[in-house]
1. Of the numbered conditions (1) part of a loop (DSSP other than H, G, I, E, B); (2) over 44 Å from the mean Cα position of the chain (by Cα), Y127 satisfies every one except a single condition; which is it?
2. Among the candidates V192, V126, V110, which residue alone is assigned by TED's automatic domain parsing to the domain that holds G236 and among the hydrophobic types (A, V, I, L, M, F, W, C)?
3. Out of all the residues in the range 149-187, which are small (G, A, S) and over 13 Å from the mean Cα position of the chain (by Cα)?
4. Inside the range 376-390, can you point out the residues that are outside any strand (DSSP E or B) and among the hydroxyl-bearing types (S, T, Y)?
5. Quick check on the range 267-288: of everything there that is in a loop (DSSP other than H, G, I, E, B) and among the hydroxyl-bearing types (S, T, Y), which residue is nearest to P207 (Cα to Cα)?
6. Across the range 97-124, which residue is farthest from the chain's Cα centre (by Cα) among those that are in a loop (DSSP other than H, G, I, E, B) and closer than 14 Å to F54 by Cα?
7. Given the options A212, A227, name the one that is modelled with pLDDT of 95 or more and over 15 Å from I362 (Cα atoms).
Amino acid sequence: MSKIEVDAIDKQSGSTLTLGGSGTAVTLASGATQSGFGRSGSVNWQTTPKTATFTAADGEGYFINSGSALTANLPAGSAGAIVAFSDYARNFATHNFTISPNGSEKIGGVAEDAQLNIDGQAATFVYVDATKGWVNVQNAEDTETGTPPFIQATGGTISESGDYRIHTFTGPGTFCVSSLSPTPANNVVSYVVVGGGGAGGIGGDSPGGGGAGGFREFKSPVDSYTASPLNGNPGGTSITATVAAFPITVGGGAPYPSTTGTPSVFSTVVSTGGGRGSKNCSPAQTAVAGGSGGGGDGGGNCTAGAGNTPPTTPSQGFPGGSGRSVSGDRGGGGGGGATAAGTAGSSYRLAGNGGAGATTSITGSPVAYAGGGGGAGQSGDTGTGGTGGGGQGGGPNPTPGVNGTANTGGGGGAGNGSGCSASGFGGSGVVIIRYKFQ
């Protein structure tokens, strides 16, 4: 390699001096400096993000990856000096980034620190003179990001199963969608909506069990989990996500003497609360219709409450079982469940069982919801609760009924006893939303 050592290079003629040939890069040796060329107003970005307080250098830009509040100390100002900063972690709102001038120098005419406190913010500063010091010549308060190819959302308790994200609401909340998939089919969400369960009947000797809250499910056409027999695809109500906030209502389980549990709601999907079981205790009260109906008692109000009220497609629940009273032998019917009616009480003083609920794997593993509550029999026989959180009926006189399981929509068990012992409350409902996220 040849080496030329001279004190100056000048043109021979004309007004242009050319260094290097076509395709040749002209570089300064390591440690060398230049003057007189000036800058083009840009910075050389350092691609290792800063994670601690540091001193900036003229002509450099820095990405800030802050897990806490950081400070950049500016170099001594000289006319034309330039530095830039960008929020690499997109969390300046949580961890404010401070820019501190050298000594008594100014930023924008004020001898104080500057602060970047907006997520995604980026700013470029040029030193002008002693009057204004460093002047911000470019500020971006929300730098662009790539667009995820799937739904992005928040709300509820979030879990994942393979390529799917699951939002579970056990109380009121908001499902907030911030971005959508460019593939329309991926924006159709899967859901399970279960209303609050109804209370079991109370007292006398053969009250009916409470009906389960209504159960409604829709599995997205792109989803792969094992849905319940009540999956509404096709024929049910599909919900396509939009960039919006969807208020979520989770129904409460009913205490006696409430007529029904309260409904759960997601968008246009409403699951009705379960109906109350019939009461054989002065004053007598009949069984009530609901998502699933309450069971009838064996002491005179033998008629059970209807299910699927108001009607949905597919059905959101089944009726309760009727009570029986023959020759003084009485048995209360079980409350209706999501997939089966409650069984009838027997003339042999036997109580009916709660109707079975619906089992779905929307959360990634099979879980049963919306089982009916068990009835109570005159001899102390107990009706079992339906699978899916139904409460067991009361045993020997006097025995209270068992509550439906929380966040399953299970019906409450009937309370057995001439002293009008307590009935089981209905279990609260739940709303579950699932979609492809990767």
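The values are calculated or read from the model by the stated rules, or taken from the named source; none is laboratory data. Since we're looking at a predicted model, the values are computed, not measured. Positions of Cβ are backbone-derived with ideal geometry, glycine not excepted, and every protein chain shown enters the neighbour counts.
1. Single failed check for Y127: (1).
2. Working: V126 fails: assigned by TED's automatic domain parsing to the domain that holds G236; V110 fails: assigned by TED's automatic domain parsing to the domain that holds G236.
Only one candidate qualifies: V192.
3. S161, G162, S179, S181, A185
4. Taking the range 376-390 and keeping what is outside any strand (DSSP E or B), we get 378-381, 383-390.
Of everything in the range 376-390, those that are outside any strand (DSSP E or B) and among the hydroxyl-bearing types (S, T, Y) turn out to be S379, T384, T387.
5. Narrowing the range 267-288 to residues in a loop (DSSP other than H, G, I, E, B): 267-268, 272-274, 276-278, 280-284, 286-288.
Right, trim to among the hydroxyl-bearing types (S, T, Y) and you get 267-268, 272, 278, 282, 286.
Numbers: S267: 36, T268: 35, T272: 22, S278: 6, S282: 12, T286: 10 Å.
Of everything passing the filter in the range 267-288, S278 is nearest to P207 (Cα to Cα).
6. Taking the range 97-124 as the starting set, the residues that turn out to be in a loop (DSSP other than H, G, I, E, B) are 101-106, 108-109, 111-113, 117-121.
Then drop every residue that is not closer than 14 Å to F54 by Cα, which leaves 101-102.
On the way: P101: 44, N102: 47 Å.
Across the range 97-124, the extreme among qualifying residues is N102.
7. Values: A227 fails: over 15 Å from I362 (Cα atoms).
Unique residue meeting the criteria: A212.
Per-residue answers, yes or no, for (1) more than 28 Å from the chain's Cα centre (by Cα); (2) in a loop (DSSP other than H, G, I, E, B):
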site: V189; (1), (2): no, no
site: A199; (1), (2): yes, yes
site: E217; (1), (2): no, no
site: Y225; (1), (2): no, yes
site: N233; (1), (2): no, yes
site: T242; (1), (2): no, yes
site: P247; (1), (2): no, no
site: P257; (1), (2): yes, yes
